[in-house]
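A.B. asks: Encoded as structure tokens, here's the structure I'll be asking about.
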Amino acid sequence: MRSPRLRRHPPAAAAAPAPEQFHPGEAVEVLPDEPGYHGAHFAASVTTSHPNPRSYTVVYDAFVDDSEGSSCPLRDVVPASQVRPRPPDTLRGVPPAEHAVVDVFKDRAWWVGVALSGEPEDGRVVVCFPETREVMEFDAADVRPHLEWVAGEWLSPEKMEISKTAPYMKGTQVEVAKLEGNSVVAWFSAAVEKAIWKSNLLVDYNCSKSDGSVLPKEIADLKHIRPCPPHASAVSFCINDDVEGFQCNGWWLGVITEVHPKFRYTFKPAHSGKEVQLDQKALRLRYDWANGQWQQVSQNVLATEFPEGSKVEVTSNDEGFRGAWFQGTALKYVNNKILVEYDALKADDETTPLTEAIEVQHVRPCPPDSIVTSGFNLLDEVDACWNDGWWVGVISKVIDNQRYMVYFKSFNEEIEFGHEQLRLHFDWVGGRWMRASMGLEAWG
């Protein structure tokens, strides 16, 4: 491992100054904020204090400045916010409890990890590093409890109770990234078992390995965990779509390279490049979880055009019409809008078909015919033909294979419909049809 980067000049700006004042000769630890050094603590000694901005010149205990053939101890100027006293050494070598946050000594520094085994019989402690997912063994003498220096006193993670702020509660279903190097290549379904201090979760996988053996529980950093994405299966994909393909019990990142009949596609995984044919049900458009929202990755969004005379459906955000689609015919474009003549809606004379200029985002093609021969199921998301339009709802009760109760969330009402009055619900997303399974959400 290379030594911390030497700054030749004091930093131009520093974080809020720490209340401690370290004096020349004082033994300290330096916590760099540079990539690759997150969670590291380097032993050093203060040589000089700088008042503005508040910083220190330090000499590292274990690193030598090898520039220009020098063999002197490595010097660095670091912000005061990255300097702390050295923690007490009295608990070093004491066997940690399982899942305790610890520091381990490797590569001439102390690194934060999580103990996987307590009370080792052979004097060895197994420690994982959630950020990189590495698991290593260490002599107990090279392991110490992790402590935080807060307002002039040492606190253990247990006393800080930071885990109570974790975004995922016990039992929450999530997806956990599989890493190759620093890259995410796949996502696997898991359940949160417990939070471990600041940003780590113990997860229990819901799937097994390709050989049938159970995937072991794992501690992962929050940045490698996301909610389960919206459950939707695209009715049709296009070449170059960024997708995730379900293989070996996980969703692997890749791209569509070829389209085949009967909703089959050639899928090329990003990590291996070995192409394989998959059914439409084993594919989903790729979304990334960023800043608490799902963002579609694929830029392969198809432009939608509505030729004169094409059949379309129109929706509205007006109160009382949300969740409904009204069929009509596209007549022409007028000032970036589409002039639509409705099939069922009438003008004020109650005889002439109503004609309106509609903004493009409120117009879509008519969804594909999807014949349901075996009947709808409880919680199926459907469109119901009612009140001159198709209204989105969810099957709340199956009376028999020809009659159903449908719940409409938008106006909190249940209505009975016959089989012929219903169709499966589809969404028009990015120029393609998606069939969503959002019934449970519709109930909520």
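The values are calculated or read from the model by the stated rules, or taken from the named source; none is laboratory data. Model, not experiment: these values are computed from the prediction. Neighbour counts run over all protein chains shown; Cβ positions are idealised from the backbone, glycine included.
A.B. asks: When you scan the range 16-24, do you find a residue that is at positive phi and in a loop (DSSP other than H, G, I, E, B), even just one?
C.D. replies: For the range 16-24, residues at positive phi and in a loop (DSSP other than H, G, I, E, B): absent.
A.B. asks: Residues that are among the aromatic types (Phe, Trp, Tyr) and closer than 30 Å to residue 391 by Cβ: list the strands (runs of 3 or more DSSP E) wholly contained in the range 252-331 that include at least 1 such residues.
C.D. replies: In the range 252-331, 287-290, 293-296 are the strands (runs of 3 or more DSSP E) which contain 1 or more residues that are among the aromatic types (Phe, Trp, Tyr) and closer than 30 Å to residue 391 by Cβ.
A.B. asks: Looking only at the range 40-62, which residues are in contact with a Pro (Cβ under 7 Å, 6 or more places away or on another chain), farther than 13 Å from residue 84 by Cα and assigned to a strand (DSSP E or B)?
C.D. replies: Once the filter is applied, which keeps residues that are in contact with a Pro (Cβ under 7 Å, 6 or more places away or on another chain), farther than 13 Å from residue 84 by Cα and assigned to a strand (DSSP E or B), the range 40-62 yields 47, 48, 50, 59, 60.
A.B. asks: Which is farther than 20 Å from residue 433 by Cβ and acidic (Asp, Glu), of 241, 279, 288?
C.D. replies: 288
A.B. asks: Output the residues belonging to the range 238-291 that are of a type in the set (A, V, I, L, M, F, W, C), under 12 Å from residue 187 (Cβ atoms) and surrounded by 18 or more Cβ atoms within 10 Å (Cβ to Cβ).
C.D. replies: Scanning the range 238-291 gives 251, 252, 253.
A.B. asks: Name the residue that is farthest from the chain's Cα centre (by Cα), counting only residues in the range 208-237 that are exposed (fewer than 15 other Cβ atoms within 10 Å of the Cβ), part of a loop (DSSP other than H, G, I, E, B) and at pLDDT 80 or above.
C.D. replies: 216
A.B. asks: Take the residues of the range 238-255 that are of a type in the set (A, V, I, L, M, F, W, C) and within 22 Å of the chain's Cα centre (by Cα): which is farthest from residue 206 (Cα to Cα)?
C.D. replies: So the residue we want is 255.
A.B. asks: Return the total of residues in the range 68-85 being at pLDDT below 80 and either among the charged types (D, E, K, R) or in a helix (DSSP H, G or I) (or both).
C.D. replies: Within the range 68-85, residues that are at pLDDT below 80 and either among the charged types (D, E, K, R) or in a helix (DSSP H, G or I) (or both) number 2.
A.B. asks: Pick from 78, 104, 127: which is touching a residue at least 60 places away in the same chain (Cβ under 8 Å) and surrounded by 20 or more Cβ atoms within 10 Å (Cβ to Cβ)?
C.D. replies: 78
A.B. asks: Based on what the data block shows, is residue 88 in a loop (DSSP other than H, G, I, E, B) and either of a type in the set (A, V, I, L, M, F, W, C) or exposed (fewer than 14 other Cβ atoms within 10 Å of the Cβ) (or both)? Give the derivation first.
C.D. replies: Values: in a loop (DSSP other than H, G, I, E, B): yes; either of a type in the set (A, V, I, L, M, F, W, C) or exposed (fewer than 14 other Cβ atoms within 10 Å of the Cβ) (or both): yes.
Taking the combined requirement at face value, the residue satisfies it.
A.B. asks: Please return the ranges of strands (runs of 3 or more DSSP E) entirely within the range 345-397 where 2 or more residues are over 22 Å from residue 230 (Cβ atoms) and in contact with an Asp or Glu (Cβ under 6 Å, 6 or more places away or on another chain).
C.D. replies: Filter on the range 345-397 gives 353-359.
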